[in-house]
Amino acid sequence: MTDDDTPPPKQKSHGRISVQTSLKPRDLMSDVRVAGAWRAKVITLFPDAFPGILGLSLTGKALDLGLWALETLDLRQFGIGKHKNVDDTPAGGGAGMVLRADVVAAALDAAAEGTPNRSEWPVIYLSPRGKPFDQAMARRFSAAKGITLLCGRFEGVDERVLHHYGVEEVSLGDFVLTGGEIAATALLDATVRLIPRVLGNQTSTEEESFSDGLLEFPQFTKPSRWNELEIPEVLQSGHHGNISNWRQAMAERLTKERRPDLWRAYCASHGRDPVED
């Protein structure tokens, strides 16, 4: 207990120390820590939003197996006064509310406990004005020991705390959400799937969209004929060289048609002319 008898901020963790049979629901495993696993700490006003969909499918299985761990820090617990206020009106006037610097700082300090330096543990604020999130960024985050994500609300966060802590701002795209929780979930999903052993077939990450600067080639499966449409003959030829060439050509074609920006970057990195090609 603190001097004013205020209980310490509550944190929720998900994951296991080791692979073992347990009948405890994930939401009852609040004291479990995963030793040596990649870890994510999420500062949010809505801790119950996690793990959400991250607790399902492959990311959920990996969470249960201890391949990664998730911890939420309730920002409200760091609030000021009797009512645990976390925000106030913007300086200079204007609509909405802004998350207070002192509240966010206290949360960031708590999240920093037991973490290494920033090169091994990025601290991210999900913000529309941030650097666009991409596959290369997901790979960088997955190669770290963990990550701290700050989910904004209202009109954002006091600029001073972002500057003081050197927080990296990341955007999911050119649109605005009501808060950073959805963006944090998407960022974690894209990152966690790159952690070794999370996916059953790790080579699939090497062929998907953006892995080599191109969009992924079209995929097909059984039945070989559906709705009067046939699977391309080359994919049924068994000739691996021809199949590889076809997939490369289709990936380049789709990228050129749908993402001219990616196509120009790809050509520049391969010494090709984007117009002639």
> Which distance in nm do the two modelled labels at Gln219 and Asp109 give, with both placed 7 Å along the Cα-to-Cβ direction?
Replying inline: 4.7
> Using the beta-carbon distance between Arg272 and Glu155 and R0 = 41 Å, what value does 1/(1 + (r/R0)^6) give for FRET efficiency, to the nearest 0.05?
Replying inline: 0.35
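Kyte-Doolittle cut-off 0.5, length cut-off 15 Å along the helix's own axis using Cα: show which whole DSSP H helices in the chain pass. It would help to have the intermediate numbers written out before the result.
Numbers: long enough: 101-112 (16 Å, 1.48); 181-192 (16 Å, 1.26); 240-258 (27 Å, -1.43).
The answer, listed by residue number, is 101-112, 181-192.
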> Taking +1 at the Cβ of each Lys and Arg and -1 at the Cβ of each Asp and Glu, which of Leu126, Phe154, Phe220 sits farthest along the dipole of the chain towards its positive end, judged by Cα position relative to the Cα centre?
Replying inline: Phe220
> Between Glu228 and Lys145, how many nm apart are label points set 7 Å from Cα along the C-beta direction?
Replying inline: 6.2
> At 10 °C and 1.306 mPa s, what whole-number value in µm²/s does Stokes-Einstein give for the translational diffusion of segment 26-162, with Rh from the Kirkwood sum over Cα pairs?
Replying inline: 98
> So which GluC sites (Glu not before Pro) in segment 230-261 are both in a DSSP loop and have at most 12 other Cβ atoms within 10 Å of their Cβ?
Replying inline: none
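With +1 assigned to the C-beta of every Lys and Arg and -1 to the C-beta of every Asp and Glu, and no other charges, what is the dipole magnitude of segment 212-269 about the Cα centre in debye, to the nearest 20?
Numbers: 8 positive and 8 negative charges, 18 e Å.
For this selection, approximately 80 debye.
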>> Using a 7 Å offset from the Cα along the Cα-to-Cβ direction at both Lys131 and Lys84, what is the distance between the two label points in nm, to one decimal?
In response: 3.4
>> For segment 11-192, give me the percentage of DSSP beta bridges that are antiparallel, rounded to the nearest 5 percent.
In response: 25
>> With unit charges on the beta carbons (Lys and Arg positive, Asp and Glu negative) and the dipole taken about the Cα centre of the chain, which residue among Gly166, Leu177, Thr59 sits farthest to the positive side?
In response: Thr59
> Quick one: which of Lys61/Lys222; Lys84/Lys131; Lys12/Lys84; Lys41/Lys82; Lys61/Lys131 span more than 21 angstrom between C-alpha atoms?
Replying inline: Lys61/Lys222; Lys84/Lys131; Lys41/Lys82; Lys61/Lys131
> Given only helices, namely DSSP H runs of n ≥ 4 each adding -39500 (n - 2.57), what is the per-residue ellipticity at 222 nm of the chain, to the nearest 500 deg cm²/dmol?
Replying inline: -8500 deg cm²/dmol
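Which longest run of the chain has no exposed loop site in it, a site being trypsin sites (Lys or Arg not before Pro) in a DSSP loop with at most 11 other beta carbons within 10 Å, and the site itself not part of the run? Mind dumping the intermediate values first?
Numbers: sites that count: Lys82, Arg197.
With trypsin sites (Lys or Arg not before Pro) excluded where exposed in loops, the chain gives 83-196 as its longest stretch.
Within segment 112-187, list the GluC sites (Glu not before Pro) lying in a DSSP loop whose Cβ has at most 13 other Cβ atoms in a 10 Å radius.
Details: sites: Glu113, Glu120, Glu155, Glu159, Glu168, Glu169, Glu181; in loops: Glu113, Glu120, Glu155.
Answer in residue order: Glu113, Glu120.
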> What shape does segment 148-277 take by its C-alpha gyration tensor, where a ≥ b ≥ c are the square roots of the eigenvalues and a/c under 1.5 counts as rounded, a/b above b/c as prolate, and the rest as oblate?
Replying inline: prolate
>> Limiting things to C-alpha atoms, what are the Rg and the maximum Cα-Cα separation (Dmax) for segment 119-185, in angstroms?
In response: 11.6, 32
> Given 0.36 nm per residue, what is the gain on full extension from His163 to Arg258 after removing their alpha carbon distance, in nm?
Replying inline: 30.5 nm
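Each reported figure results from applying straightforward, stated rules to the coordinates on display, with no laboratory input. None of the values given here were measured: they were computed from a predicted structure. FYI the Cβ positions are ideal-geometry reconstructions off the backbone, even for glycines, and counts take in every protein chain you see.
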